[in-house]
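Note sheet for the following structure.
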Number of protein chains: 4
Amino acid sequence: MGTIGLAVIGAGYWGPNLVRNAQATPGLRLQYLCDLDADRARKVLGEYSTVAVSDSLDEVLADPAVDAVAIATPAATHLPVAMKALEAGKHVLVEKPLAATYDEGRLLVEAADKRGLTLMLDHTYCYTPVVEHLRNLVRGGGIGSVQYLDSVRINLGLVQPDVDVLWDLAPHDLSIFLSILPDGVQPIAVAAHGSDPIGAGRACVAHLTIELTGGAMAHVHVNWLSPTKVRTMIIGGSSRTVVWDDLNPAQRLAIYDRGVDRKDATEIGEQTRAQTMVSYRTGDMVAPALPEKEALRAVMAEFRDSITQSRPPLTDGRSGLRVLSILEAASASLAKGGVFLPIRSVETSTEGVNA
Amino acid sequence: MGTIGLAVIGAGYWGPNLVRNAQATPGLRLQYLCDLDADRARKVLGEYSTVAVSDSLDEVLADPAVDAVAIATPAATHLPVAMKALEAGKHVLVEKPLAATYDEGRLLVEAADKRGLTLMLDHTYCYTPVVEHLRNLVRGGGIGSVQYLDSVRINLGLVQPDVDVLWDLAPHDLSIFLSILPDGVQPIAVAAHGSDPIGAGRACVAHLTIELTGGAMAHVHVNWLSPTKVRTMIIGGSSRTVVWDDLNPAQRLAIYDRGVDRKDATEIGEQTRAQTMVSYRTGDMVAPALPEKEALRAVMAEFRDSITQSRPPLTDGRSGLRVLSILEAASASLAKGGVFLPIRSVETSTEGVNA
Amino acid sequence: MGTIGLAVIGAGYWGPNLVRNAQATPGLRLQYLCDLDADRARKVLGEYSTVAVSDSLDEVLADPAVDAVAIATPAATHLPVAMKALEAGKHVLVEKPLAATYDEGRLLVEAADKRGLTLMLDHTYCYTPVVEHLRNLVRGGGIGSVQYLDSVRINLGLVQPDVDVLWDLAPHDLSIFLSILPDGVQPIAVAAHGSDPIGAGRACVAHLTIELTGGAMAHVHVNWLSPTKVRTMIIGGSSRTVVWDDLNPAQRLAIYDRGVDRKDATEIGEQTRAQTMVSYRTGDMVAPALPEKEALRAVMAEFRDSITQSRPPLTDGRSGLRVLSILEAASASLAKGGVFLPIRSVETSTEGVNA
Amino acid sequence: MGTIGLAVIGAGYWGPNLVRNAQATPGLRLQYLCDLDADRARKVLGEYSTVAVSDSLDEVLADPAVDAVAIATPAATHLPVAMKALEAGKHVLVEKPLAATYDEGRLLVEAADKRGLTLMLDHTYCYTPVVEHLRNLVRGGGIGSVQYLDSVRINLGLVQPDVDVLWDLAPHDLSIFLSILPDGVQPIAVAAHGSDPIGAGRACVAHLTIELTGGAMAHVHVNWLSPTKVRTMIIGGSSRTVVWDDLNPAQRLAIYDRGVDRKDATEIGEQTRAQTMVSYRTGDMVAPALPEKEALRAVMAEFRDSITQSRPPLTDGRSGLRVLSILEAASASLAKGGVFLPIRSVETSTEGVNA
């Protein structure tokens, strides 16, 4: 396959970023920007562009020059838009979340599987140098066993008309967790608390507590009402602990050789109290040099490569399903006052299948 | 009453701070440092001190020059030590928590009430310039109605032999909440999640979610396993939001004139979506000038004044009971997998009574 | 005048930013990107652009659709390129510094004056919301009288082939100073120290000390060898002091109601020592809400408006001359071991003249 | 020699710190706190102390139980007080600066030499874990060759009645430089600029530029008028660069494996421009774990050990002379408008001599 013809669907908040990065990615050829509001699309492209504008998804999908679509429309429309594209034989990159519900998402995964088409989630964070570093470090055993995760994602955010703060912000944290955690440490149950102190009709502040296989716990705090922006994730391990502060570009990652160790019970007398069973390490901190690059460029490259190499992308449809399974359980927990609910498991992609 | 004779009981972690501040407080006369281990007490006082050392609580309480005691022994001993002191007619300042259980704490409150003696909690944070400022601001309506509270208190902490991280650290957050919240916004139910990833036999990481009258939610994250220290509290209000970063001495408090407002439903058409019902304010931030002073000095002064003026101290025995009532409900919730449990209410001090 | 036809000259480091912002500015119509290396220009425009590429300045200047040019070529070429454009009757926006020498810059100013054409400097910082706020505050008397300025601009920077660190970085600080200082507080003499510890053949670290009318002092530290990036400016005033940290987007400006006052000598006895003549204010700090916007967009708008309204732009040719006069005196001081040398004064624009 | 009997002279700003740390140092026995104002001394000791108060230096020096004195009186009195103590055969620890002038300081060094007594400067910073780490790193070659030093020490400071900001603050920076620089990289000339924008009668803002053997340059910015406190030192080296932020206790030192290298001219063609002669390294940053300990405790221990071991202390009288030689040259440069002036060299201690 030579150059891949691409159409971007949706010229709203995220579409312009897709347009810009698609244009800068070798091997992709941007053919259309498609939006029901053609004027909006024209405005995004500006006066100096040769890219075509269309207000008809059908027209775009009918064009044989279009091999793939990148979808940035509201979540509720992901199922019909993506399904139409898959049925037209197009590869699909879709903005998170995969769909409005787990069941809708499953239909898309199956449709892509059946046709051998790429179905990829635009989990942008998973393509940042930070998360790439973390994936290697954490999955590679570099912090020992995972003891806890804590993510805070708060700021003054637009109250969304259709989703609560969990569905709006937590997909970022969840897709990052799924991307960096070792295979043996996976979410199995979730409890959620939320509140709506401004009467918006949906949770504007929420806390997720996630039980992981092996007993560790992950926590996510998302909040639309904080005037101060925080983007911090701590990943505690038995041998090292990582602190990621995404708002500190000069030092996003700090890897501490510090922590608490538990001595083996056989080393110490039975009577000794818990305090004597732990010891503390206070070592240096290392902030690795990380390149500054736009993650969405890497998303585009992965989309291109998964198509040309006929392999599942790093963030395939199933990764999107996993995020949906946690979100749905969290919403159910929220409705039930915060009890822990089990998370549906998603089987990994079968060999030879693409999405 | 002239100068108040004082004995400090306990020469461990906190005792030396009590000794130092008692000596610097006019109107107090430090008579004894008492510890079962007299050598430890002697070492705390150093070679140049005229303060007496005793290893006998009875001896200390029998001395008529002792009017009051400040207790810094393990929580499990608070009931017997403080009760003995009250029965000997001494005023009592006790390190948090008031006692090991709510019922024990109640016995102390009743004993102090009966004898008209001061029973005061050393909730040190409540005497910092920051909390004093917050109390005036929040209780005085300066942030509008309270929308949410979020407190993070994490660091590499000593795993305690007898209490979990909730009982060790959360009393700080809870006593601060109780100190600054308006009367109409009080804790009514609590849910707790915790984990023990190092096998210490007790929760080392914990999250508290507290339901407040009026629908707002407070959240507390306490953690002994974080190599990076965080001490941050956010208090979101309808007109302003405050961020307190206690590790930034140059700017502990930041008061943002920013937030989200909800328009009245009558102002806008019924069909309009939630998004249009909220508006955003982006105003200036003010960091008030705050004095740097040692809070424990103010604790000592309040203890002295509550005795000489025969009035309840700011952090009286009932404030200690309130903290215990939340901690006990949280522990019960932890044991039941995180369900919300109601918090026992504590009546305020009856008029004319001192503790 | 309707839409202004524009050509960008130079497709190197800064040119792409001019291209992007020109395209987004209503009232401007980007006609050409011109570079001796047409391939480089084509690469900057990308595959989707309708903008023309030219490798001939003559061709561009001969096109009557071109009303104005924006020049982003090396400083040594500013004189010939800008002069050619002015002689062809085009308005000129030129990247800092105006020219390689004061005398060259003067020729350009005179040429623009003679023809009534706009000659504008791209002192981008002067168009940021921060500098706009500072200009109003400082020139408007909001900090009292100016007591000192201190600017630090250090990072790991590309050692330039043709200029030292002073000429590379200090134009930013100098144009900001000139933009915000009141008319009665202007640079009159400068001393410079520099060093070249890596043997690059030119100063890589430099310090400028500038004497201002009225006795206040400004200091600039520029450095290509610092692994940590700092962009801080302090403007001390008699009633308030401003700290600008440009790397802290959440709080770029902090305005402190703190400082040192001097009591009038008549208020206190003659014998009293200096210490008693000063008093300290410790008030609040205010961080004003500032919009986040791209300054180069405002540069383009000012260029457009100065042309259509036939008025001198905020950063006219003379502001460029003033920066050159300080740089030349600084270079001379550097060569003479750091003595103070006077700064040539630049008369302000004559009425009715455009540049 | 067994326990060393000590008297602290001066109960003003610094005296209480000497008292506290002397009492906590094994091997020292605090005998007196001496001040012309005995009440002030009594207040410093408090009501619970067994230490004697005296308002007579003669009385203190006549007491054979006093082996050594620690002097914290104004600089102008250092010569008479310290000389009297040395003549009485007492070892001397003196607050910086050693004396009011170089010549006075020299008399003290000679007097101590003659009698074989310890004369030690209380350059407290030199005993911090940070400076100890820096000394080993920089003198041990860990950053390659030194390329530049830059120190900023600014805050809202008390305008001193008798000294300008240079003499008040720069001794800290200078003693640190002298303590960490390799033997072959020493100050040889200094230029100073200063200003007095508040009419205090002495420089309140000052900049020092110091030429070092080998061509590197050190710069110091001291300022009493800054509402924001900065304590930063950068030490640029050919292989690594260190940034010390003393106001960031969680990460005081950051050691960057980043910098600029110069390629050997023989490796590249003669025509190649300077830009190609340098290359950039972007490696990790390491923040070493440093103990938190009170430096003044280490000062006291070094004073004790230099006495009992009859060896010069780390910060001996000559280190104090070196600081005075730079300060005097800086003051002369300030008076002459900022020209570079040579720094008097101080021979190192002769063998077998103690001070």
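The values are calculated or read from the model by the stated rules, or taken from the named source; none is laboratory data. Keep in mind the model is a prediction, meaning the values are calculated, not measured. Please note: Cβ atoms are built from the backbone with ideal geometry, for glycine as well, and neighbour counts cover all protein chains shown.
Observations on the structure shown:
- Of all the numbered requirements in (1) in a loop (DSSP other than H, G, I, E, B); (2) surrounded by fewer than 21 Cβ atoms within 10 Å (Cβ to Cβ); (3) out of contact with any Lys or Arg (no Cβ under 9 Å at 6 or more places or on another chain), residue C:114 misses one, and that requirement is (1).
- From the options D:77, D:3, residue that is in contact with a Lys or Arg (Cβ under 6 Å, 6 or more places away or on another chain) and among the hydroxyl-bearing types (Ser, Thr, Tyr): D:3
- Filtering region C:117-130 to residues that are closer than 15 Å to residue C:14 by Cβ and part of a helix (DSSP H, G or I) leaves C:124, C:125, C:127.
- Looking only at region B:222-235, and only at residues there that are crowded, with 24+ Cβ neighbours inside 10 Å and more than 23 Å from residue B:256 (Cα to Cα), the one that is farthest from the other protein chains (Cβ to nearest Cβ): B:222
- Failed item in (1) more than 20 Å from residue A:100 (Cα to Cα); (2) under 18 Å from the mean Cα position of the chain (by Cα); (3) crowded, with 24+ Cβ neighbours inside 10 Å, with residue A:147 passing the rest: (2)
- Sole exception among (1) closer than 24 Å to residue D:190 by Cβ; (2) free of Cβ contacts under 8 Å to residues at least 12 places away in the same chain for residue C:201, by number: (1)
- None of A:121, A:117, A:108 is modelled with pLDDT of 95 or more, in contact with a His (Cβ under 7 Å, 6 or more places away or on another chain) and in the same structural domain as residue A:68 (by TED's automatic domain parsing) except A:117.
- Leading residue by the ranking (nearest to residue C:22 (Cα to Cα)) among those in region A:37-88 that are out of contact with any strand residue (DSSP E or B) (no Cβ under 8 Å at 6 or more places or on another chain) and of a type in the set (Lys, Arg): A:43
- Taking region A:222-248 as the range and being assigned to a strand (DSSP E or B) and of a type outside the set (Val, Ile, Thr) as the test, the residues that pass are A:223, A:225, A:226, A:227, A:229, A:231, A:233, A:236, A:237, A:244, A:245.
- Filter result for residue B:221 (free of Cβ contacts under 8 Å to residues at least 60 places away in the same chain and within 28 Å of residue B:333 (Cβ to Cβ)): no
- Residue match in region A:197-218 (condition: polar (S, T, N, Q) and in contact with a Ser or Thr (Cβ under 7 Å, 6 or more places away or on another chain)): no
- Qualifying residue in region A:130-150 (condition: away from every other protein chain (no Cβ under 11 Å) and farther than 27 Å from residue A:213 by Cβ): no
- Residue in region C:117-135 that is free of Cβ contacts under 8 Å to residues at least 24 places away in the same chain and surrounded by fewer than 19 Cβ atoms within 10 Å (Cβ to Cβ) present: yes
- Enumerated helices (runs of 4 or more DSSP H) restricted to region B:256-355, each holding at least 3 residues that are modelled with pLDDT of 85 or more and among the polar types (S, T, N, Q): B:317-335
- Note on region C:170-221: residues that are assigned to a loop (DSSP other than H, G, I, E, B), more than 7 Å from chain D (Cβ to nearest Cβ) and of a type in the set (A, V, I, L, M) amount to 3.
So that you can scan it fast, the table gives a plain yes or no per residue for (1) without any contact (Cβ under 8 Å) to a residue 12 or more places away in the chain; (2) among the aliphatic types (A, V, I, L, M):
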| site | (1), (2) |
| --- | --- |
| C:4 | no, yes |
| C:9 | no, yes |
| C:14 | no, no |
| C:18 | no, yes |
| C:29 | no, no |
| C:35 | no, no |
| C:39 | yes, no |
| C:51 | no, yes |
| C:54 | no, no |
